[in-house]
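Engineer: Below you will find the structure I want to go over with you.
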Amino acid sequence: MITAENLRKTYGSKTAVDGISFALEPGKVTGFLGPNGSGKSTTMRMAVGLDRPTSGHISIAGKSLAQHAAPLRTVGAVLDAGATHPGRTGRQHLRALAATHRISHKRVDDVIELTGLESVSGKRIKGYSLGMNQRLGIAAALLGDPAVLIFDEPVNGLDPEGVRWVRRLARDMAAEGRTVFLSSHLMSEMAQTADHLIVLGRGRIIADAPIQDLLEGGESRVLVRTEQAKDLMNALAGDRISITCRDAETFEVSGLDARSIGRRALEIGAVLHELTPQLTSLEDSYMKLTGDYVEYQSGAAAGAAAQAEGGQA
């Protein structure tokens, strides 16, 4: 288990993590989300002792990682897959780590096979691709067969097969009763991998809930297609109902369910060619949660935000 209590980290006048508290349960994949600069990586670094909290604390199995006699057997972490000696081979790197905890060469061979590195384990790391480095980092994290896994953006540089493999690995590790803490910017992958989500915004927790709660709490939408689109849109218009036109015959409705839309179409004699409820995606829920917390915006997004502020002034 990973537990944080009033965890805070500042760098001069900059507050990276602002008094957050959470508890991660074994047997679950907890996804860690937030815009760039929200404090995700800093939190993970504090969990493994690479950064010291300004105040508060974060513990693994009841104490800091430095207090554990065999850290590799307690926590496996991938925070910077490039933190290796480029002149060593992958196998040499893993054997050097294994030696610090008296882990056998057989275990090294096992994790090489598990991560698909057999064909490159004898090559120098400086020749590895980003995807190979990610696999090597995961192999190192698995060396001590730890009960806790912390992965910061583990699918960077991986091809689709590799992304799917990381997803299966995370699910399998959690099914074995391990605590899996995983950050990613790939919403589609997080939706298929995580059981629970913690979302940060400017160093503070803005959501801490099962993933299904975030999906079900999203705004329901219905896609409608009819040749009498204009008439039906006028008939549906009302308070708390949002209508977005897609083209001359297609629009999207928020605030009404499909049955209510169908009944109104029948009343005005509109023939429906499509009436499809749209499932709320994790990306939709995430964007809604973090819209006010994005620190680095693209030109278009920044312009829209500025225009909205101008309209409110």
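The values are calculated or read from the model by the stated rules, or taken from the named source; none is laboratory data. Every value quoted in this text rests on a predicted model; they were computed, and no experiment measured them. Ideal geometry is used to build each Cβ from the backbone, glycine not excepted, and the neighbour counts take in all protein chains shown.
Engineer: Suppose we filter GLY131, GLY157, GLY144 for residues that are over 21 Å from ASP284 (Cα atoms), of a type in the set (Gly, Ala, Ser) and buried (at least 19 other Cβ atoms within 10 Å of the Cβ); which single one remains?
Structural biologist: Of GLY131, GLY157, GLY144, the one residue that is over 21 Å from ASP284 (Cα atoms), of a type in the set (Gly, Ala, Ser) and buried (at least 19 other Cβ atoms within 10 Å of the Cβ) is GLY144.
Engineer: Working only within segment 64-106, note down all residues that are touching an Asp or Glu at 6+ places or on another chain (Cβ under 9 Å), over 16 Å from LYS123 (Cβ atoms), of a type outside the set (A, V, I, L, M) and surrounded by 17 or more Cβ atoms within 10 Å (Cβ to Cβ).
Structural biologist: Of everything in segment 64-106, just one residue is touching an Asp or Glu at 6+ places or on another chain (Cβ under 9 Å), over 16 Å from LYS123 (Cβ atoms), of a type outside the set (A, V, I, L, M) and surrounded by 17 or more Cβ atoms within 10 Å (Cβ to Cβ), namely GLY76.
Engineer: Related question: Going through VAL120, VAL111 one at a time, which residue ends up being in a loop (DSSP other than H, G, I, E, B) and of a type in the set (A, V, I, L, M, F, W, C)? Show your work before the answer.
Structural biologist: Working: VAL111 fails: in a loop (DSSP other than H, G, I, E, B).
The unique qualifying residue is VAL120.
Engineer: Let me ask another. Out of everything in segment 27-41 that is touching a Phe, Trp or Tyr at 6+ places or on another chain (Cβ under 7 Å) and not in a helix (DSSP H, G or I), what residue ends up being farthest from GLN192 (Cα to Cα)?
Structural biologist: In this case the residue turns out to be GLY37.
Engineer: Same structure again: Sort through GLU274, GLU252 and tell me the only one that's loosely packed, with under 12 Cβ neighbours inside 10 Å and assigned to a strand (DSSP E or B). Lay out the reasoning, then the answer.
Structural biologist: Working: GLU252 fails: loosely packed, with under 12 Cβ neighbours inside 10 Å.
GLU274 is the lone residue from the list that is loosely packed, with under 12 Cβ neighbours inside 10 Å and assigned to a strand (DSSP E or B).
Engineer: Please name all residue pairs, on different chains or six or more residues apart, with Cβ atoms under 6 Å, provided the first residue is in segment 134-160 and is in contact (Cβ under 8 Å) with a residue 40 or more places away in the chain and over 15 Å from GLY177 (Cα atoms) and the second residue is of a type in the set (Val, Ile, Thr) and assigned to a helix (DSSP H, G or I).
Structural biologist: Short answer, once both residue conditions are applied: ALA139/VAL111; LEU143/VAL111; PRO154/VAL166.
Engineer: Further, regarding this structure: Criterion first (among the aliphatic types (A, V, I, L, M) and surrounded by fewer than 19 Cβ atoms within 10 Å (Cβ to Cβ)) does LEU33 satisfy it?
Structural biologist: So LEU33 does not fit the description; no.
Engineer: Enumerate the helices (runs of 4 or more DSSP H) found wholly within segment 139-243, keeping only those where 3 or more residues are touching a strand residue (DSSP E or B) at 6+ places or on another chain (Cβ under 8 Å) and within 28 Å of ARG102 (Cα to Cα).
Structural biologist: Hits in segment 139-243: 160-175.
Engineer: Is it the case, given these coordinates, that SER242 is in contact (Cβ under 8 Å) with a residue 12 or more places away in the chain and farther than 30 Å from ALA4 by Cα?
Structural biologist: Taking the combined requirement at face value, the residue satisfies it.
Engineer: Listed residues ALA66, ALA77; which is modelled with pLDDT under 95, touching a Gly at 6+ places or on another chain (Cβ under 7 Å) and assigned by TED's automatic domain parsing to the domain that holds LEU182?
Structural biologist: Of ALA66, ALA77, the one residue that is modelled with pLDDT under 95, touching a Gly at 6+ places or on another chain (Cβ under 7 Å) and assigned by TED's automatic domain parsing to the domain that holds LEU182 is ALA66.
Engineer: Among the residues of segment 51-61, count how many are in contact (Cβ under 8 Å) with a residue 60 or more places away in the chain and on the phi > 0 side of the Ramachandran plot.
Structural biologist: Selection size over segment 51-61: 1.
Engineer: Are any residues in segment 95-138 under 17 Å from VAL48 (Cβ atoms) and either in contact with a helix residue (DSSP H, G or I) (Cβ under 6 Å, 6 or more places away or on another chain) or aliphatic (A, V, I, L, M) (or both), and if so, which ones? Show your work before the answer.
Structural biologist: Restricting attention to segment 95-138, the residues satisfying the condition of being under 17 Å from VAL48 (Cβ atoms) are 97, 100-101, 137-138.
Answer for segment 95-138, where residues must be under 17 Å from VAL48 (Cβ atoms) and either in contact with a helix residue (DSSP H, G or I) (Cβ under 6 Å, 6 or more places away or on another chain) or aliphatic (A, V, I, L, M) (or both): LEU97, HIS101, ILE138.
Engineer: Please count how many residues of segment 174-196 are of a type outside the set (Gly, Ala, Ser) and farther than 12 Å from PRO154 by Cβ.
Structural biologist: Summing the residues that are of a type outside the set (Gly, Ala, Ser) and farther than 12 Å from PRO154 by Cβ in segment 174-196 gives 7.
Engineer: I need the full set of residues from segment 42-57 which are outside any helix (DSSP H, G or I) and either closer than 30 Å to LEU158 by Cα or not assigned by TED's automatic domain parsing to the domain that holds SER13 (or both), in order please.
Structural biologist: Across segment 42-57, the qualifying residues are VAL48, GLY49, LEU50, ASP51.
Engineer: Six or more apart or on different chains, Cβ under 8 Å: which pairs go from a residue in segment 187-212 that's surrounded by 22 or more Cβ atoms within 10 Å (Cβ to Cβ) to one that's assigned to a helix (DSSP H, G or I) and among the charged types (D, E, K, R)? Could you list them?
Structural biologist: The qualifying pairs are THR193/ARG167; THR193/ARG171; LEU200/LYS40.
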